[in-house]
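Here the structure comes first, spelled out in structure tokens, and everything after it is commentary.
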Amino acid sequence: MRIRKNIAVSEEGFLFNPATGDSFSTNGIGSEIIRMLKQDKSTHEITDEICRGYDVDRLLFERDLDEFTALLKDYSILE
Amino acid sequence: MKRKLVIAVTALNAIDSPGPGVAVIRAIRECDDFESRIIGLSYEALEPGLYMHDLVDKTYQIPYPSGGTESLLTRLQYIHEQENLDLIIPGFDAEMFNFIKLRDKLWQLGISTFLPELNQFEARDKIKLFDFGQKHGFLVPQDKILYELRELKKMADNMEFPIVVKGKFYDAVIAYSYDQAEKAFHKTMAKWGLPIILQEFIKGTEINIAALGDGEGKAISIIPMRKLYITDKGKAWAGITIEDDKLVELARKFIEATKWRGGCELEVMLTDDGKPYIMEVNPRFPAWIYLTAAAGQNQPASLVKMAMGEKVEPFNEYEVGKIFIRYAWDLITNIKEFQMISGNGEL
């Protein structure tokens, strides 16, 4: 799973797709996940890192991450 | 010392469904390569552009396009005697035919234009668009040209909805039933006359492309824009420059195939599976043309240079993510100015 090359991502987690003109903003966690996706981390690695840093149920987070990445694919943010 | 050019511009109706005139002037004014005196050419006394004195130096009323070329030429000759015009940039679809017809006569008077040939202009006409697409290999929605209501009635049983009902110059209505189609037919006919164009509805994202051709097949500038906010008349109230090689290539191919001279706007519907359908080709700059200057490709200024015989190299970069947001502004004037333009035809 990779963020498309042309997608611009600001430090605050604001995404801009120059091919469609669409822009999106995410919350803090979304922004962290996107940063990790940009570093080519796998969903497993992302889950590990988030679960280490936050008090969150692993299963619940995996489900949320699935939903989030599906949304990113839908919006052509992910390849 | 910079050359001072006297440039006449039409389409000063900066209203909710605006003409490109004010945006064209704004872009020209920003170019440092030449100085300009701007002459507004107006049809109506309440076109806002003629009261914008920081943009327009002097305005003259001209006869409506329905008056034909003779009355227009007579009026332009008078204006030329007063102003010594170097160039005219028309901006309304409905007036283009007359200006193209007058091109040689204007040239003889010493007035330049930078307009498409009549055959180029007519080939992209709404009523010939499908054939045009077929000929050059562009995706264009299927259409049917209707010259009387009886033809629409005949089609009633086989029509698929939604369908788009379009006027020959402006306006498009999406009809979801036969009744709506017939109502739209009458309304559009009353406003723009016949024929009426019935066009296949294409679902997708609306993209507009402003392009400038040199008349020899080369695209000098191409800027694709996605509408971010659309008015109830379907006009962009906000838009953003986007990066899509497919769209740029489509416009380049269009300019190359038609050897288009001057500015034009391609209205494109990009389907969800990425197919770009050309919905319409407007034979002039769009109202959002200032965005091209803001994004780094000043199309109106480049047109001026080419019209003056200068060779202009094609742009190859523009800023993606540049946004325009149109706004309404109550311009205040006084009755004296209104009287001058409506009584004397000059301001």
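Derivation of every value follows stated rules applied to the coordinates shown; laboratory data play no part. Note that this is a predicted model, so its numbers are computed, not measured. As a convention, Cβ positions derive from the backbone with ideal geometry for all residues, glycine included, and neighbour counts pool all protein chains shown.
Observations
- Here the Karplus curve 6.51 cos²θ - 1.76 cosθ + 1.60, taken at θ = phi - 60°, turns the phi angles of the range B:47-62 into couplings of 6, x, x, 6, 9, 8, 6, 6, 9, 10, 7, 7, 10, 10, 7, 10 Hz, with x standing for Gly and Pro.
- Among beta bridges from DSSP that stay inside the protein assembly as shown, the antiparallel ones total about 80%.
- Rg(Cα) / (2.2 N^0.38 Å) computed for chain A, rounded to two decimals: 1.05
- With the biggest extent put first, the Cα atoms of chain B measure 64, 45, 39 Å across the principal axes.
- Computing FRET efficiency as 1/(1 + (r/R0)^6) for A:Asp40 and B:Tyr327, where r is the C-beta to C-beta distance and R0 is 41 Å, gives about 0.45.
- Ignoring lysines fewer than eight residues from B:Lys233 along the same chain, the ones with Cα atoms less than 25 angstrom from its Cα are B:Lys126, B:Lys128, B:Lys144, B:Lys166, B:Lys168, B:Lys183, B:Lys187, B:Lys191, B:Lys203, B:Lys275, B:Lys322.
- The mean count of C-beta atoms from other chains within 10 Å of the C-beta of residues in A:11-21, rounded to a whole number, is 4.
- Taking amide H as placed 1.01 Å from N in the peptide plane, the amide H of B:Ser112 sits under 5 Å from that of B:Leu87, B:Ile88, each at least 5 places away or on another chain.
- Whichever aspartates and glutamates have a C-alpha closer than 14 Å to that of B:Lys311, once near sequence neighbours (fewer than 8 apart) are set aside: B:Asp33, B:Asp214, B:Glu216
- Against the main long axis of the alpha-carbon atoms of chain B, helix B:178-192 sits at an angle near 20°.
- Loop-located trypsin sites (Lys or Arg not before Pro) in chain A (DSSP state other than H, G, I, E, B) with a sparse environment of at most 11 neighbouring Cβ atoms within 10 Å: A:Arg2, A:Lys5.
- Restricting the GluC sites (Glu not before Pro) of the range B:156-230 to loop positions (DSSP other than H, G, I, E, B) with no more than 14 neighbouring Cβ atoms within 10 Å leaves B:Glu160, B:Glu216.
- Karplus-derived 3J(HN,Hα), 6.51/-1.76/1.60, for each residue of the range B:239-246, Hz, glycine and proline x: x, 9, 6, 10, 10, 8, 4, 4
- Relative contact order of the range B:145-199, defined on C-alpha pairs under 8 angstrom at six or more residues apart (%): 45
- Cβ crowding within 10 Å ranks B:Met52, B:Met189, B:Met279 as B:Met189, B:Met52, B:Met279, fewest other Cβ atoms first.
- Shielding by partners - mean other protein chain Cβ count within 10 Å, residues of B:234-244: 2
- Kirkwood estimate for the range B:169-210, i.e. one over the average of 1/r between Cα atoms, Å: 11.7
- At most 12 other Cβ within 10 Å, DSSP loop - trypsin sites (Lys or Arg not before Pro), the range B:283-344: B:Lys311
- Only helices enter the 222 nm calculation for chain A: every DSSP H run of n ≥ 4 contributes -39,500 (n - 2.57), and dividing by all residues gives -15500 deg cm²/dmol, rounded to 500.
- Per-residue [θ]222 nm for chain B (sum of -39500 (n - 2.57) over DSSP H runs n ≥ 4, rounded to 500): -9000 deg cm²/dmol
- For the protein assembly as shown: span of alpha carbons on each principal axis (Å, largest first): 81, 65, 46
- The order of B:Leu149, B:Leu247, going from fewest to most other C-beta atoms within 10 Å of their C-beta, is B:Leu149, B:Leu247.
- Directionally averaged projected area (convex hull, Cα atoms, the range B:145-199), nm²: 3.0
- DSSP beta bridge pairing in chain B, given as percent antiparallel to the nearest 5: 75
- The largest-to-smallest principal axis extents of the Cα set in the range B:184-254 are 40, 31, 20 Å.
- As a rough footprinting exposure proxy, the listed residues B:Val56, A:Val9, A:Val56, B:Val268 were ranked by other beta carbons within 10 Å of their own, and the order from fewest upward is A:Val56, A:Val9, B:Val56, B:Val268.
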